[in-house]
Amino acid sequence: MAARFALVLGLAAAACGPGHNSGASGDGGAADGPFKPIDAFAGPYPDFPTTPIIDGGAPGNSGMLFGSASGSAAAGGPCLVEPEPGTLYPNNWLRPRFTWVPAGGDNLFELTLTAPNEVNPLVVYTTNTTYTMDGATWQLLAQHVVDAPIVVSVRGAVYDSASGTLTAGPDGGQLGTISIAPAAAPGAIVYWTTSDGTLLRGFHIGDESVTDIATPAQASTACIGCHSATPDGKFVGFSASANPGDGDPATIGLLTSDGSASAAPFISPSAQTLLARQDQELPVFSAAHWQAGDRVSVQMFPVNNQFEITWTDLEASSTDEGVGWGVVARTGDANGAAYASFAHSSDTLLYVSAAGSIGAGVTVTDGDLATVPYGARAGGTATPIAGANTTEYNEFYPTFSPDDRYVAFNRVPTGQSSYNDNQSELFAIPAAGGTPVRLAANDPPSCSNQASPGVTNSWPKWSPGATDANGKRYYWLTFSSTRGAGNPQLYVTALVDDGTTLTTYPALYLWNQPATENNHTPAWDNFDVPIE
């Protein structure tokens, strides 16, 4: 099993009692109410078929050719790259797909899944290098095999169709375990793709395809990029640019997230003028400031040649500073600011403090993480996050967990750019400060001949809710990585807090996204994305 990384936090176990949800999922999933755990060792259940599945033109006597259907830990077999051994699935995931890289000239494969409370193993013989479980079996498995090891093995052999025999193998195969959490991953992901122009697309966890959310044409511009959800999920705020190349200089746009890309009716003419100012990036919002009379966007904007955290009153009656817009003061921090976002349970802003140059409000080479009060638009005293404000590392892309207990972020050695750096890795740290933990999700499968640093793990975003079950709190995080074929693609990983230790897991690939596209900068929230 892939290594897991743990961080001792000294948190009270009572804070994570069963049946409490932090953050609302808004999608009717398991995170909306108390989770009633199922005894993972009840049963046994007949969820898997009694006979092997013959797939992809495999010969009907494949079982006899392979002999025993049990796997082996011996070396020399196919490399299982999806799911990576050690993975933890949310129980509302799209149907699991199993993908492997053949060893030698293998052209016939045996995939086996066994679980302690299943009557039969699932055995598949196929000539393909991938197999996707059927939906009905997955739904039963997600109910019946909870927090219990599912052993996965893949073996390969060379089959000669002319003689109907194996000319080599079967090999020893790869053996590993996966498991299913007693928790769903709520909300919807909206991401940026740069293939064939720029575009925002979205989906719910469990969807097997993606939906177009907004195009440059719908936004009356040439490029759309950095984005986030409004607190009600009905709108997506984004950076927009008339430059289709690198997307700079940018202005701010706001359209519905249901795919119709309709304009927001509450934006006043003065606010529209303010949002159209150039060099604004990355609009974010807070539930505490999203009602009539106090509807605010916060974004990065250069003031006196330095990027600052600024606010814009979306119902403004004037474009004057202090009325329609203003700067959030950061007392004690004279540096520029980048990549600001709101907390969920307090009126706090999280941001990157950088003494050096800042590109487009997000790109830094010497970033440190800090917080500052929003202070009714006035700001307050800036506070560095101990452990994420080092001189050794450039820390960037911070994001609060849905309960504001943790901050996930990226880092590279100081002096290296935060922009598209293949040395970038993901970390999590208590929001109050502490020792960062490197996420296991950074690492590609050990047999894939890839390693991190080297695969550009970037732009982490938490799901909009966390679920408590059986004395643990289950968090989910999405990010972009260039593992696989080398183009950026989206992944999801689990982080589980038992009140003392935060355990992290390998990454799950989202196979519903177009595999050949360049997909990046995901935002995960209660977007009003159409349900598949």
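The values are calculated or read from the model by the stated rules, or taken from the named source; none is laboratory data. Bear in mind that the values here come from a model prediction, so they are computed numbers and not experimental data. Cβ atoms come from the backbone with ideal geometry, glycine included; neighbour counts cover every protein chain shown. Remember, those area values only see protein heavy atoms, side chains included, never the ligands or the DNA or RNA. Shrake-Rupley method; radii C 1.70, N 1.55, O 1.52, S 1.80 Å.
Let me confirm something: among ASP404, ASP333, which residue is within 22 Å of the chain's Cα centre (by Cα) and acidic (Asp, Glu)?
Working: ASP333 fails: within 22 Å of the chain's Cα centre (by Cα).
Every option except ASP404 fails the conditions.
For segment 351-361, enumerate the residues that are more than 20 Å from ILE429 (Cβ to Cβ) and surrounded by 20 or more Cβ atoms within 10 Å (Cβ to Cβ). Don't jump to the end; show me each part of the working.
First pass over segment 351-361, keeping only residues more than 20 Å from ILE429 (Cβ to Cβ): 355-361.
Selection gives ILE358, ALA360, GLY361.
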Q) Looking at PRO402, PRO398, which one is part of a loop (DSSP other than H, G, I, E, B) and open to solvent by less than 20 Å² (accessible area, probe 1.4 Å)? A) PRO402
(Q) Out of SER424, SER481, I need the residue that is open to solvent by less than 10 Å² (accessible area, probe 1.4 Å), under 30 Å from VAL154 (Cα atoms) and polar (S, T, N, Q). Which one? (A) SER481
**Q.** Number of the exception - LEU122 against (1) within 15 Å of GLY173 (Cα to Cα); (2) at pLDDT 95 or above
**A.** (1)
Q) Within segment 411-430, can you find the residues that are in contact with a Pro (Cβ under 7 Å, 6 or more places away or on another chain), part of a strand (DSSP E or B) and under 17 Å from VAL455 (Cα atoms)? A) GLU425, LEU426, PHE427
(Q) Restricting to segment 133-166, and then to whatever is of a type in the set (Val, Ile, Thr) and open to solvent by 40 Å² or more (accessible area, probe 1.4 Å), can you tell me which residue is farthest from THR177 (Cα to Cα)? (A) THR165
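Quick check, is ARG155 basic (Lys, Arg) and in a strand (DSSP E or B)? Working first, answer last.
Details: basic (Lys, Arg): yes; in a strand (DSSP E or B): yes.
Yes.
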Q. Can you list the strands (runs of 3 or more DSSP E) found entirely within segment 334-381 that contain at least 2 residues being aromatic (Phe, Trp, Tyr) and closer than 19 Å to PHE400 by Cβ?
A. 336-342
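Does THR391 count as more than 30 Å from ASP294 (Cα to Cα) and open to solvent by 60 Å² or more (accessible area, probe 1.4 Å)?
Numbers: more than 30 Å from ASP294 (Cα to Cα): yes; open to solvent by 60 Å² or more (accessible area, probe 1.4 Å): yes.
Yes, satisfied.
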(Q) If I ask for residues that are under 17 Å from ILE150 (Cβ atoms), assigned to a strand (DSSP E or B) and open to solvent by less than 10 Å² (accessible area, probe 1.4 Å), which ones from segment 81-111 would you list? (A) LEU88, TYR89, PHE98, TRP100, GLU110, LEU111
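Just need a number here: residues in segment 172-203 that are assigned to a loop (DSSP other than H, G, I, E, B) and surrounded by fewer than 22 Cβ atoms within 10 Å (Cβ to Cβ).
Filtering segment 172-203 for residues assigned to a loop (DSSP other than H, G, I, E, B) gives 172-173, 181-187, 194-198.
Then drop every residue that is not surrounded by fewer than 22 Cβ atoms within 10 Å (Cβ to Cβ), which leaves 172, 194-197.
Residues flagged as assigned to a loop (DSSP other than H, G, I, E, B) and surrounded by fewer than 22 Cβ atoms within 10 Å (Cβ to Cβ) within segment 172-203 amount to 5.
I'd like the residue in segment 276-304 that is farther than 23 Å from ALA240 by Cβ and without any contact (Cβ under 8 Å) to a residue 40 or more places away in the chain and, out of all such residues, is least open to solvent (accessible area, probe 1.4 Å). Before you say what the answer is, go through the steps one by one.
Within segment 276-304, the subset farther than 23 Å from ALA240 by Cβ is 287-288, 291-294, 304.
Now drop any that are not without any contact (Cβ under 8 Å) to a residue 40 or more places away in the chain, which leaves 291-294, 304.
Working: GLN291: 78, ALA292: 85, GLY293: 63, ASP294: 38, ASN304: 143 Å².
Ranking the candidates gives ASP294 first.
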Q: Could you please let me know if ALA451 is farther than 27 Å from THR348 by Cβ, aliphatic (A, V, I, L, M) and open to solvent by 10 Å² or more (accessible area, probe 1.4 Å)?
A: yes
**Q.** Subset of segment 229-243 (residues that are assigned to a strand (DSSP E or B) and either over 14 Å from ALA264 (Cβ atoms) or among the aliphatic types (A, V, I, L, M) (or both))
**A.** ALA229, VAL236, SER239, ALA240, SER241
Q: Being of a type in the set (D, E, K, R) and either closer than 22 Å to LEU166 by Cα or more than 23 Å from the chain's Cα centre (by Cα) (or both) is the filter here, so list the residues in segment 89-146 that pass it.
A: ASP106, GLU110, GLU118, ASP134
Q. If you go through segment 309-332 one residue at a time, do you hit one that is outside any strand (DSSP E or B), open to solvent by less than 50 Å² (accessible area, probe 1.4 Å) and among the aromatic types (Phe, Trp, Tyr)?
A. no
**Q.** Criterion: buried (at least 16 other Cβ atoms within 10 Å of the Cβ) and either free of Cβ contacts under 8 Å to residues at least 12 places away in the same chain or part of a strand (DSSP E or B) (or both) - qualifying residue of GLY206, GLY259, GLY247, GLY225
**A.** GLY225
(Q) Whether any residue in segment 435-447 is of a type in the set (Lys, Arg), in contact with a Phe, Trp or Tyr (Cβ under 6 Å, 6 or more places away or on another chain), open to solvent by 30 Å² or more (accessible area, probe 1.4 Å) and more than 19 Å from THR500 (Cα to Cα) is what I want to check. (A) no
Q: Determine whether segment 232-240 contains at least one residue that is free of Cβ contacts under 8 Å to residues at least 40 places away in the same chain and not aromatic (Phe, Trp, Tyr).
A: yes
Q) With (1) open to solvent by 60 Å² or more (accessible area, probe 1.4 Å); (2) part of a loop (DSSP other than H, G, I, E, B); (3) of a type outside the set (S, T, N, Q); (4) at pLDDT below 80 as the list, and PHE35 as the residue in question, which single condition is left unmet? A) (1)
